[in-house]
1. Counting other C-beta atoms within 10 Å, and keeping those with at most 10, which DSSP coil GluC sites (Glu not before Pro) do you find in the stretch 143-242?
2. What is the ratio of the Cα radius of gyration of the stretch 118-254 to 2.2 N^0.38 Å, where N is its residue count, to two decimals?
3. Using alpha carbons only, what's the Rg to Rh ratio of the stretch 1-134 with Rh from Kirkwood?
4. Expressed as a whole percent, how much of the Cα-Cα distance distribution for the stretch 149-204 exceeds 16 Å?
5. Hydropathy at least 1.6 by Kyte-Doolittle, axial extent at least 15 angstrom from the Cα trace: which helices of the chain, defined as entire DSSP H runs, fit?
6. With +1 on each Lys and Arg Cβ and -1 on each Asp and Glu Cβ, and nothing else charged, work out how big the dipole of the stretch 186-278 is about its Cα centre, in Debye to the nearest 20.
7. To the nearest 10 Å², what's LYS258's accessible area with a 1.4 Å probe?
8. For ASP32, what accessible area in Å² do you get when you roll a 1.4 Å probe over the heavy atoms of the protein chains, rounding to the nearest 10?
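The values are calculated or read from the model by the stated rules, or taken from the named source; none is laboratory data. Predicted model only: the values in this text are computed from it and were never measured. When we count neighbours, we look across all protein chains shown, and the Cβ atoms used for this are built from the backbone with ideal geometry, even at glycine. Protein only, heavy atoms only, side chains kept; ligands, DNA and RNA dropped before computing areas. Shrake-Rupley method; radii C 1.70, N 1.55, O 1.52, S 1.80 Å.
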Amino acid sequence: MILRLGSRGSRLALAQAELAAEALRAANPDFDVALVPITTAGDRDRTKPFGEIGERGVFVKEIEEALLAGRIDVAVHSAKDMTSTDTAGLAVGAYLPREDARDALCGADAVRAGMRIGTASVRRRAQLLALEPSVTVEGLRGNVDTRLRKRGERGLDAIVLAAAGLDRLGLDAEIGLRFDPEDMVPEAGQGALALQVRAADVGLVAAVDDAETHRRVQSERACVAAIGGGCLAPVAAHHDGSELVALIADEDGAWIEKRRGDDPLALAEELLAATAGRT
């Protein structure tokens, strides 16, 4: 059976799609897996802030459309790129075992006063400024290799990337610091790969689902969905296996509210109550 896997076309996305392909082949040797690269809105425009390109999910929309149209059978996403609620007619049928969920500082081994740090993420910006208000956070977009190159070209002291992506590309030597999640709460789903299918086809990928990763990531996504945030809002949620921590932050790091617990909906309610009038 030919199984068409759709993913973004970047080096990292294709490496991640190959990880999914290997897992699916191992689970079902009858699968003849073919990779189908798809260009998304976020790939076409690598200069504008995400909010100027469109709504959340700028790296997944076109892939989801191909899935709904039957042009691919499985979509492979970085789970952190997905919206916090499932698109109608689609479902996450499996999460591969999660890798390092932490954020990584590249170019320095610590955040220090007066540094210029590059990132396009408002979540990272807010938490960087909360850690050290004197840093200057500059917008930085592009794929992993492009952002690493731009750090030197623009004379930035450091940039922040997802540790898992660097690890998957064999670029872990670029990492000067892996942030403790206590200092920088990761994006919901960070470090995990999601295999999305049409709602009726969950069985195609069920054999490769990692139950623990599924439990943690779904808890994180549920919390963010209840808050109403996503990649354009300073919102984060991370489950370390024992508890869920979530936050809402001021985009300039002036304040951060964190809550911990087991119930993602209760945490969301607590955070919304604590930040009422401030967001």
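1. Qualifying residues, ordered by number: GLU182.
2. 1.15
3. Using Cα coordinates only, the ratio equals 1.03.
4. Value for the stretch 149-204 (Cα pairs over 16 Å): 61 percent.
5. none
6. 140
7. Approximately 70 Å² for this residue.
8. 90
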